[in-house]
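Report on the structure given below.
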Amino acid sequence: MPASEAWRSTPDGIEIAVRVTPRAPRDAFAAGTPEHFAARLAAPPRDGAANAALIVLTARTFAVGKRAVTLISGDTARLKRVRIAGDPMKLAEIARSLYGSGHDG
C-alpha cells in the first residue's frame, strides 16, 4: 500500500491502513490522515482485545460480517493493515465517504 493512501482496492475487497487509539471513551472509526484511518477503541491494548474490537468496529463501519475483516499486519502496533473482503466498489465508496471528496483511494 503506498504511503499516501489510507486504502487501496484489491480484486476481492480493499485493504486499509488504520491508526488505533486504545482506551478511548467509546469506539469510533473516522478519516485520519491521507495515510491512514483513525480508530478509537474502548478496549485496552492487551490480550488481543483492541485487535478484536478493531475487527468488530471495521465490520460495522463497512457493513460486512466480522469474518470478512482480517488483520494482516501490525498485531502489536498502533498502525495496522486490515483486509476487508467484499465488493471493492462498494467498500471503496464507504471509505471515500469517510474522507469526503479529498481522497480518491
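The values are calculated or read from the model by the stated rules, or taken from the named source; none is laboratory data. No experiment lies behind these values; they were computed from the predicted model shown. Backbone-built Cβ (ideal geometry, glycine too); neighbour counts: all protein chains shown. The area values use the complete protein model at the heavy-atom level, side chains included, leaving out ligands, DNA and RNA. Shrake-Rupley method; radii C 1.70, N 1.55, O 1.52, S 1.80 Å.
Here K80 clears all of (1) open to solvent by 40 Å² or more (accessible area, probe 1.4 Å); (2) assigned to a strand (DSSP E or B) except the condition numbered (1).
Among residues of the stretch 30-62 being part of a loop (DSSP other than H, G, I, E, B) and more than 15 Å from W7 (Cβ to Cβ), the one that is most open to solvent (accessible area, probe 1.4 Å) is D47. Pairing each residue of the stretch 78-95 that is in contact (Cβ under 8 Å) with a residue 12 or more places away in the chain with any residue that is surrounded by 17 or more Cβ atoms within 10 Å (Cβ to Cβ) and among the hydroxyl-bearing types (S, T, Y), provided the two are 6+ apart or on different chains, yields C-beta distances under 7 Å for V82/T58; I84/T58.
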